[in-house]
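Report on one structure; see the data block that follows.
The values are calculated or read from the model by the stated rules, or taken from the named source; none is laboratory data. Please read these numbers as outputs of a predicted model, since none were measured by experiment. Counting neighbours? That spans all protein chains shown, and the Cβs are built from the backbone with ideal geometry, glycine included. Side chains included, ligands, DNA and RNA excluded: accessible areas come from the protein's heavy atoms. Shrake-Rupley method; radii C 1.70, N 1.55, O 1.52, S 1.80 Å.
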Amino acid sequence: MSKPVRIALVGASGLIGTSLIKLAVGRSDIRVIAIARREIPLPPGARMEVLVADPANWGDAIAAANADVLVCALGTTWKAAGKDEAVFRSVDQQLVVACGKAAKESGIRQMIAVSSVGADAGAKNFYLRVKGETEQALGKLGLTRLDVLRPGLLRGARTEMRPAERVGMILSPLADLLMQGQYRKYRSVKSATMARAIVGLTREKAAGRFVFEHDAILRAARKAD
């Protein structure tokens, strides 16, 4: 039996992070090492390490994880950032890039980063512009392989949900049917599917930078079995 893929996970308390941790329960092909600023609740049957550290020291934690892959599912919201552009950038851009640098310096071959559909460094929308700039910065780090996932609306059980998100999740199945052709990339995706896509991508060996939108995410998820 081959050794399990060691996955260092930042953003473990979020929707995608918790889905990845749940997916890892009972699997022998992957081992998740979460890196967080505080202890996180774990699902029944989880056998994993949680390295607790201040974000300023996450570089050391990433090195200590001795991982094959870094998964970055970090992200805040405009409201949680106090509608402060600098605060938003400190998490969604600066901390993400810092984690990528730490992965490169630690000899981690692959980074899988969760971005957003519509990410574009030239976008007028602040959120999408930051996501696009972050993708560009990660691409310049020299990682052997960088996978960027660009999901649309994420569906899953959140501990906290804004009213707009709740309405969006209710309407998303119908809205998805209306999104055809070039608009398919805006379709919603389940957090569990995102977790499966991440596991599927850990099996890829080709070097380079790869971007995955809705349909490509679904194809990657099918490789998780």
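Select, from ILE40, ILE7, ILE21, ILE16, the only residue that is of a type in the set (Val, Ile, Thr) and touching a Lys or Arg at 6+ places or on another chain (Cβ under 8 Å).
Checking each option against the conditions leaves just ILE7.
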- Within region 79-92, is there a residue that is under 19 Å from the mean Cα position of the chain (by Cα), of a type in the set (Val, Ile, Thr) and either part of a loop (DSSP other than H, G, I, E, B) or surrounded by 21 or more Cβ atoms within 10 Å (Cβ to Cβ) (or both)? no
- Task: Confirm whether ASN66 is surrounded by fewer than 16 Cβ atoms within 10 Å (Cβ to Cβ) and either in contact (Cβ under 8 Å) with a residue 60 or more places away in the chain or in contact with a Leu (Cβ under 8 Å, 6 or more places away or on another chain) (or both).
- Result: yes
- Note on the structure: Here the residues within region 172-217 that are part of a helix (DSSP H, G or I), among the aliphatic types (A, V, I, L, M) and open to solvent by 60 Å² or more (accessible area, probe 1.4 Å) are LEU174, LEU177, LEU178
- Can you work out which of the residues in region 132-151 that are in contact with a strand residue (DSSP E or B) (Cβ under 6 Å, 6 or more places away or on another chain) and assigned to a loop (DSSP other than H, G, I, E, B) is nearest to THR77 (Cα to Cα)? PRO151
- Query: For region 146-160, which residues satisfy the criterion of being touching a Gly at 6+ places or on another chain (Cβ under 8 Å) and either buried (at least 19 other Cβ atoms within 10 Å of the Cβ) or among the small types (Gly, Ala, Ser) (or both)?
  - Reply: LEU146, ARG150
- Task: Under 6 Å between Cβ atoms, at least 6 apart or on separate chains: pull out the pairs that start in region 21-48 with a residue that is touching a residue at least 12 places away in the same chain (Cβ under 8 Å) and end on any residue that is of a type in the set (D, E, K, R).
- Result: ARG31/ARG6; ILE33/GLU49; PRO43/LYS22
- Every residue from region 29-75 that is under 17 Å from ALA102 (Cβ atoms) and in a loop (DSSP other than H, G, I, E, B): ARG37, ALA53, ASP54, ALA65, ASN66, ALA67, ASP68, ALA73, LEU74
- Has region 103-126 got at least one residue that is among the charged types (D, E, K, R), buried (at least 18 other Cβ atoms within 10 Å of the Cβ) and either under 16 Å from the mean Cα position of the chain (by Cα) or within 17 Å of VAL211 (Cβ to Cβ) (or both)? no
- Message: Can you find a residue that is of a type in the set (A, V, I, L, M) and assigned to a loop (DSSP other than H, G, I, E, B) anywhere in region 98-106?
- Response: no
